[in-house]
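In what follows, a single structure is set out as structure tokens and then discussed.
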Amino acid sequence: MKIVVIGGSGLIGTKLVGRLRASGHEVVAASPASGINTITGEGLAAALAGAQVVVDVANSPSFEDSAVLEFFRTSGRNLLAAEAAAGVAHHVALSVVGTDRLLESGYFRGKMAQEELIAASGRPYTILRSTQFFDFLGGIAQSATKPATKPATKPATRPEGQGMAVHLSSASIQPVVSDDVADAMADVTLGAPVNGIVELAGPETFRLDELVRRFLDATQDPRQVVADPQARYFGALLDDASLLPGPAPRLAPTRFGDWLAHARQPA
Ligand SMILES: NC(=O)c1ccc[n+]([C@@H]2O[C@H](COP(=O)([O-])OP(=O)(O)OC[C@H]3O[C@@H](n4cnc5c(N)ncnc54)[C@H](OP(=O)(O)O)[C@@H]3O)[C@@H](O)[C@H]2O)c1
């Protein structure tokens with residue numbers, strides 16, 4: 001079967017393309033770098049010709065509030081229209097567990113707009129909502145980093161990251177490794193459309209601040225993690241359930257400690 005993976009050069013896209021090709025499918029890894037752009041429409045009709053399934057694992061190049069909303073709206077509209085013209089039988093998209101509870105965040109308003117366009121399109125679809133990737137913990141730490149105090153000495157005399165603190169909520173989180181997300185995406189891609197949402201989460205629950213502290217300690221990052229109930233997660237205040245899946249998610253196998261031990265080994 002012919003499958004087009006939009007965002008096929010990204011973190012999940014690369015892994016997904018490999019899995020689908022290994023299963024014997026004809027896969028187009030689509031991204032601006034390969035001349036297929038869902039914002040401008042460049043290369044889209046030609047890429048989709050004869051495709052049975054389109055998988056959208058693209059992400060906005062900017063996380064600025066209005067840019068991310070514009071990205072997911074424009075990309076979603078262009079892609080769904082091109083799929084209707086090409087007669088694509090299944091649209092699969094990757095979204096985030098809790099998207100509808102995180103709408104104080106510009107990023108999640110963008111993801112919500114993407115999901116709403118899909119559901120309203122009348123096209124057969126499956127949305128896989130995943131929890132946060134282990135691989136994204138560095139990005140979460142970065143987004144929550146602030147100066148710890150006013151530096152008394154010249155910052156240049158300190159190792160990088162010292163004098164900075166990461167402010168995070170202690171909300172529960174059930175993260176997952178990107179390889180397990182790619183496995184679940186491959187499974188959903190090759191299955192029938194559910195015309196709804198499937199949730200995916202890792203096998204263990206942590207406190208967000210503790211998880212990031214463990215990650216930074218393991219990577220010898222000197223930043224302190226400060227537990228702060230008012231700290232916002234990409235603009236959204238969290239309660240204990242904000243990032244958790246519902247009662248019956250698919251559970252991915254890989255445990256955080258096993259991934260961390262592997263990730264710490266020199267390349
Ligand atoms: N991070 C998390 O914890 C998490 C959790 C749940 C769900 N998700 C979702 O997972 C999805 C994939 O994330 P990721 O980390 O794999 O993304 P990523 O590594 O940042 O890759 C983004 C991909 O989007 C492509 N892209 C950007 N602009 C495009 C355009 N105009 N047309 C077509 N493709 C375009 C990029 O292509 P180029 O390489 O050519 O620029 C790249 O292939 C996102 O939608 C995100 O919301 C993430």
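Things worth noting here:
- Filtered residues of the range 108-147 (kept if of a type in the set (Ser, Thr, Tyr) and either more than 13 Å from the ligand (Cβ to nearest atom) or without any contact (Cβ under 8 Å) to a residue 12 or more places away in the chain (or both)): 121, 125, 126, 145
- For the range 52-66, the set of residues classified as within 11 Å of the ligand (Cβ to nearest atom) and of a type outside the set (Phe, Trp, Tyr) consists of 55, 56, 57, 58, 59, 60, 61, 62, listed by residue number.
- Residue 98, sole failed condition from (1) on the phi > 0 side of the Ramachandran plot; (2) surrounded by fewer than 21 Cβ atoms within 10 Å (Cβ to Cβ): (2)
- Whichever residue in the range 62-75 is free of Cβ contacts under 8 Å to residues at least 60 places away in the same chain and surrounded by fewer than 19 Cβ atoms within 10 Å (Cβ to Cβ) and, among such residues, is nearest to residue 44 (Cα to Cα): 74
- Residue match in the range 230-238 (condition: in contact with a Pro (Cβ under 9 Å, 6 or more places away or on another chain), in a loop (DSSP other than H, G, I, E, B) and closer than 15 Å to residue 100 by Cα): yes
- Filter pass, residue 245 being out of contact with any Phe, Trp or Tyr (no Cβ under 7 Å at 6 or more places or on another chain), surrounded by fewer than 15 Cβ atoms within 10 Å (Cβ to Cβ) and in a loop (DSSP other than H, G, I, E, B): no
- Of all residues in the range 94-107 being touching a strand residue (DSSP E or B) at 6+ places or on another chain (Cβ under 8 Å) and free of Cβ contacts under 8 Å to residues at least 60 places away in the same chain, the one that is farthest from the ligand (Cβ to nearest atom): 99
- Close pairs (6 angstrom Cβ cut-off, 6 or more residues apart or separate chains): on the phi > 0 side of the Ramachandran plot in the range 38-61, aliphatic (A, V, I, L, M) anywhere: 43/36
- Of residues in the range 1-51 being β-branched (Val, Ile, Thr), within 10 Å of the ligand (Cβ to nearest atom) and more than 17 Å from residue 179 (Cβ to Cβ), the one farthest from the chain's Cα centre (by Cα): 40
- Conditions (1) within 7 Å of the ligand (Cβ to nearest atom); (2) within 20 Å of residue 115 (Cα to Cα): number failed by residue 79: (1)
- Any hit, the range 85-93, residues being at pLDDT 95 or above and within 12 Å of the ligand (Cβ to nearest atom): yes
- Close pairs (8 angstrom Cβ cut-off, 6 or more residues apart or separate chains): assigned to a helix (DSSP H, G or I) in the range 179-199, among the polar types (S, T, N, Q) and surrounded by 15 or more Cβ atoms within 10 Å (Cβ to Cβ) anywhere: 179/254; 180/254; 181/130; 184/130; 188/126
The values are calculated or read from the model by the stated rules, or taken from the named source; none is laboratory data. Source: prediction; values computed, not measured. Reconstructed Cβ throughout: ideal geometry from the backbone, glycine too, with neighbour counts over all protein chains shown.
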